[in-house]
Amino acid sequence: MSHFKRLVLSALFASVLTLSSTLPARAQSAPAGVKNVVLVHGAFADGSSWAKVIPVLQAKGFRVIAVQNPLTSLADDVAAAKRAIAMMDGPVLLVGHSWGGMVITEAGNDPKVAGLLYVAALVPNDGQSVADALQGAPAAPGNAEYRTDAAGFQTLTAKGIDQFFAQDVPAAERKVIFATQGPWAKKAVTDKVSRAAWKTKPSWNVIAGQDRMISPVVQRTQAKTTKATVLELNTSHVPMVSEPGKVAAFIIKAAGQLPAGAKAVAAGE
């Protein structure tokens, strides 16, 4: 064999070794399981409430959409979530915070939704409204800071944000939360879900142990009812703001437990 041929073969062999050594690293950088995540914010918030979680998910290769809920009714917010779901190519992990739990419980019946993840959220049963889901529970202290305008939309006072909604968040961030909060239609409290999607699809639940808007006791009871996989954090009502790394890691873990090619089914099918 000529010296030139030996050089060529040596170079090809080295290239193959280099390629084979990089393949596992590339495989690890892509998320396993479901690769689409739709994030649904709650009342007194907007899509920016997920601002610290989104970059972590994107860095892991997830496709992410944060819905901008109109907060005008359950039906309107469900429609907004379903538009986001429709934009995704493949099965979706649907994530909801607070009032967003009501939204994903209904929107989760969409056949593209493979699983549901609740974050300090309401988890209603069939035919329940917010009022129904909270029936029998003591009023949360944050409720006293609701203010309703002439058009029937509720907002939280600065005190409500500081002491009950986001008490573990730095003051500068609390001011942004107050300024960007989405007014929530009071009538939406009585809107009812039709079928609870968690009855036919797997669910996960982040419980906020220091929540003053939705009692942690309520959250734990609902998580037990739904047989959800649970992560409890010692946070305020907004763990995705105060503990974004832990919330993002939980979302990544949940998505990885959902088979990427599995056919999601609507409740009742």
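A short reminder: the numbers here are calculations on the coordinates, not readings from a lab. Nothing here was measured: the structure is a model prediction, and the numbers come from that model. So basically every Cβ, Gly included, is an ideal-geometry build from the backbone, and we count neighbours across all protein chains shown.
Give, as a single signed number, the net charge of other residues whose beta carbon lies under 14 Å from the beta carbon of LYS192, with Lys and Arg counted +1 and Asp and Glu -1. List each step's numbers first, then the result.
Details: positive: LYS187, ARG195; negative: ASP77, GLU106, ASP126, ASP132, ASP191.
Counting the neighbours of LYS192, the net charge comes to -3.
Proximity of backbone amide H atoms, modeled 1.01 Å from N, is registered between LEU258 and VAL34 at under 5 Å, excluding neighbours fewer than 5 places apart on the same chain. 3J(HN,Hα) along region 43-59, derived from phi through the Karplus expression 6.51 cos²θ - 1.76 cosθ + 1.60 where θ = phi - 60°, amounts to 5, 6, 8, 9, x, 5, 5, 9, 4, 8, 7, 4, x, 5, 5, 4, 5 Hz, with x in place of Gly and Pro. Our estimate of slack between GLU232 and SER194, defined as 0.36 nm per intervening residue step minus the Cα-Cα distance, is 10.9 nm. Count Lys and Arg as plus one, Asp and Glu as minus one, and take only other residues whose Cβ is under 11 Å from that of GLY96; the net charge is then -2.
In the chain, helical runs assigned H by DSSP with n ≥ 4 each contribute -39500 (n - 2.57); averaged across all residues and rounded to the nearest 500, the mean residue ellipticity at 222 nm is -11000 deg cm²/dmol. Taking other residues whose beta carbon is less than 13 angstrom from the beta carbon of LYS52, and scoring Lys, Arg as +1 and Asp, Glu as -1, yields -1.
Identify which of GLY90, GLY182, GLY101 has the largest mean-square fluctuation in a Gaussian network model of the chain, with springs joining Cα atoms closer than 10 Å. Evaluated over the chain, the most mobile residue of the options is GLY90.
Pairs LYS82/LYS192; LYS112/LYS201; LYS60/LYS253; LYS52/LYS199: which exceed 22 Å Cα-Cα? Too far apart for the 22 Å limit: LYS52/LYS199.
Can you tell me the FRET efficiency between ALA172 and LYS253 if r is taken as the Cβ-Cβ distance and R0 is 30 Å, rounded to the nearest 0.05? Walk me through the intermediate numbers first.
On the way: r = 31 Å, r/R0 = 1.02.
Approximately 0.45, to the nearest 0.05.
Span-like helix check, the chain: qualifying full DSSP H segments, with Cα axial length of 30 Å or more and mean Kyte-Doolittle of 0.5 or more, are 3-29. Taking the chain as a Gaussian network of alpha-carbon nodes connected by springs under 10 Å, the highest mean-square fluctuation of the residues PRO55, PRO170, PRO111 belongs to PRO170.
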